[in-house]
Amino acid sequence: MLHLASQKIVEAVDGAFVTLTVACLILMIIIMGALVWFAFKYHRSRHPKPARIHGSLKLEITWTIIPTLIALWMFMVGYDGFQLIRTVPDGAYVVEVEGKQWSWTFTHPETGVTDSTLYVPAGRPIKCELSSSDVLHSLYIPAYRVKEDCVPGLDTYLWFEAEVGEYNVFCAEFCGNDHAKMITKLIALPQADFDAYLERRMKLRFAPVTDVTKVMDENSDDMVGMVGDQAAVVALYSTYCKSCHGANGEGGLVEGARSFRDDPVAKWKRGVTIPDIFRTLTLGIEGTRMAAFDNLSAWERFALAHYVAGFYREGPQRSVADQAAYEKLVKEYKLDEQKSVIVHFPIDAAIDDLAKGP
Ligand code: CUA
């Protein structure tokens with residue numbers, strides 16, 4: 001990966017790490033050596049009468065100046081790398097990153113695509129703009145030696161450039177019970193594959209719901225077919241539901257989080273049919289931690305409602321909505337229309353044009 005711009009960051013961080021470790025080792029050997037040597041040399045048996053020493057200006061100046069110089073040198077070693085890490089190259093591809101107890105959401109602002117896995121084009125600087133919706137988190141990509149805190153109310157960022165491949169992404173700031181589970185992947189694809197990924201996700205996100213009868217089919221394969229891309233739906237579930245409702249819909253991961261496997265009819269606030277769940281996802285439930293997921297497209301909420309409904313499909317009292325309920329939902333949320341794609345407005349270019357004048 002020698003040609004990559006961010007390889008310099010890797011070299012700077014590793015260089016600083018090795019340099020400081022070696023410096024500390026040398027200091028440790030000198031200090032501990034002197035300690036052992038003095039303990040031997042001035043042992044009571046060899047040196048029965050202790051000397052009285054009342055300060056030494058020369059010594060005091062020496063042991064002030066030398067450590068100060070060492071500390072300044074260590075600062076300079078770190079500062080070189082710090083400069084690189086803080087300076088994002090021009091033309092970086094921007095990904096918005098949100099940390100949340102306990103998952104990551106990566107948004108590609110130009111297309112509105114969101115994912116819980118960080119897909120990026122390879123061989124191009126990537127700028128991650130970081131935020132948090134609750135507590136402190138920290139985005140950490142060890143392969144590229146970058147780590148930066150996500151702070152509520154503060155804009156932070158990091159940048160890197162990846163080779164084609166798959167890398168670990170961690171949360172490096174203790175953020176509560178499931179901090180250790182805030183693990184995901186960075187997947188760097190060749191530009192063409194990355195474009196195809198965005199297109200696939202956009203199609204899924206903004207696809208119209210055309211065949212309501214298929215939605216009502218109890219055969220799960222058909223439901224998955226209808227939803228289009230099961231992996232993407234599982235990713236949505238992992239991002240937005242799993243941390244409270246569990247990987248298998250078992251619930252109870254935070255106080256009051258509903259089990260999707262419960263007797264559904266008796267306990268669900270807004271009802272248990274897919275249209276009911278869709279409304280809950282859209283509106284949230286007041287007075288609880290169940291948020292309104294209005295940042296998701298209608299289609300994504302619809303796909304999630306399916307997935308959630310799937311958990312209790314074997315339950316004895318599963319309640320099925322009738323065709324009319326579906327059609328009402330489709331009409332209410334215009335699910336049968338192709339949703340327009342959020343198009344990034346080139347604000348910088350517009351400002352430049354204004355500055356140039358007529
Ligand atoms: Cu988020 Cu630890």
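With every protein chain kept in the model, how would you rank His47, His137, His179 by accessible area, 1.4 Å probe, largest at the top? Walk me through the numbers on the way to the answer.
Working: His47 65, His137 0, His179 40 Å².
Listed by decreasing accessible area, they come as His47, His179, His137.
Solvent-accessible surface (1.4 Å probe) assigned to Ile61 amounts to roughly 90 Å². Among rounded, prolate and oblate, which fits region 66-119 when a ≥ b ≥ c are the square roots of the eigenvalues of its C-alpha gyration tensor, a/c under 1.5 means rounded, and a/b larger than b/c means prolate? Oblate. Phi-derived couplings, Karplus 6.51 cos²θ - 1.76 cosθ + 1.60 at θ = phi - 60°, listed residue by residue for region 300-305: 5, 5, 5, 4, 5, 4 Hz, with x used for Gly and Pro.
Remark: C-alpha extents of region 4-86 on the principal axes read 65, 25, 12 Å, sorted largest to smallest.
Dipole of region 46-200, Cα-centred, from +1 at each Lys and Arg C-beta and -1 at each Asp and Glu C-beta, to the nearest 20 debye?
Numbers: 13 positive and 20 negative charges, 298 e Å.
Roughly 1440 debye for region 46-200.
Note on surface exposure: Cys24, Cys128 rank Cys24, Cys128 by accessible area, highest first, 1.4 Å probe.
Summarising the amide proton neighbourhood of Val146: residues at separation of 5 or more, or on other chains, whose placed amide H is nearer than 5 Å comprise Ile141. 3J(HN,Hα) couplings calculated from phi for region 28-40 with the Karplus curve 6.51 cos²θ - 1.76 cosθ + 1.60 (θ = phi - 60°) are, in sequence order, 5, 5, 4, 5, 5, x, 4, 4, 5, 4, 5, 4, 6 Hz; Gly and Pro show x.
Which number gives the lysine pairs in region 93-204 that have C-alpha atoms under 21 Å apart and are eight or more places apart or on different chains?
On the way: Lys100/Lys127; Lys100/Lys147; Lys100/Lys181; Lys100/Lys185; Lys127/Lys147; Lys127/Lys185; Lys147/Lys181; Lys147/Lys185.
Counting lysine pairs in region 93-204 gives 8.
The values are calculated or read from the model by the stated rules, or taken from the named source; none is laboratory data. This is a predicted model, so every value here is computed, not measured. Using ideal geometry, Cβ is built from the backbone for each residue, glycine included, and neighbour counts are taken over all protein chains shown. Surface accessibility is based on the protein's heavy atoms, side chains included, excluding ligands, DNA and RNA. Shrake-Rupley method; radii C 1.70, N 1.55, O 1.52, S 1.80 Å.
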